[in-house]
Amino acid sequence: MASALGRLARLSALKNARTSPLTLSCGPGRAVTPARAAVSTPSGAILPKPKKTPFGLIRIALVLVPFLYVGTLISKNFAALLEEHDIFVPEDDDDDD
């Protein structure tokens, strides 16, 4: 009888060790599921949908064009600096014709 109770206790301990992290046991018959605060209030009410800002082509162009322009200016000036110090000089003799 005592060995059967020991086996039952070990099985119970193994079963409780394998429970998923989403359900935490806080006592006999009680399971607590974690709530995400981003979608619900502390009282459990569901929050309304967040305001969606449209991201149109005009906004993309307003960001993309200036940064591409600045990038080309930086690369052009750096290439001129490399040529000035004879670090990199492109050769015009690439024609094998």
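Residues in the range 45-53: is at least one of a type in the set (S, T, N, Q) and either loosely packed, with under 10 Cβ neighbours inside 10 Å or modelled with pLDDT of 90 or more (or both)? Checking the range 45-53: at least one residue is of a type in the set (S, T, N, Q) and either loosely packed, with under 10 Cβ neighbours inside 10 Å or modelled with pLDDT of 90 or more (or both).
Has the range 54-62 got any residue that is assigned to a helix (DSSP H, G or I), open to solvent by less than 100 Å² (accessible area, probe 1.4 Å) and at pLDDT 80 or above? There is at least one residue in the range 54-62 that is assigned to a helix (DSSP H, G or I), open to solvent by less than 100 Å² (accessible area, probe 1.4 Å) and at pLDDT 80 or above. Evaluate the following for Ile87: is it touching a Ser or Thr at 6+ places or on another chain (Cβ under 9 Å) and either open to solvent by less than 100 Å² (accessible area, probe 1.4 Å) or modelled with pLDDT of 70 or more (or both)? Against the criterion (touching a Ser or Thr at 6+ places or on another chain (Cβ under 9 Å) and either open to solvent by less than 100 Å² (accessible area, probe 1.4 Å) or modelled with pLDDT of 70 or more (or both)), Ile87 does not qualify.
The values are calculated or read from the model by the stated rules, or taken from the named source; none is laboratory data. This structure is a prediction, so every number in the text was calculated from the model and none was measured. Cβ sites come from the backbone with ideal geometry, for glycine too, and all protein chains shown count toward neighbours. Only protein heavy atoms, including side chains, enter the accessible area calculation; ligands, DNA and RNA are left aside. Shrake-Rupley method; radii C 1.70, N 1.55, O 1.52, S 1.80 Å.
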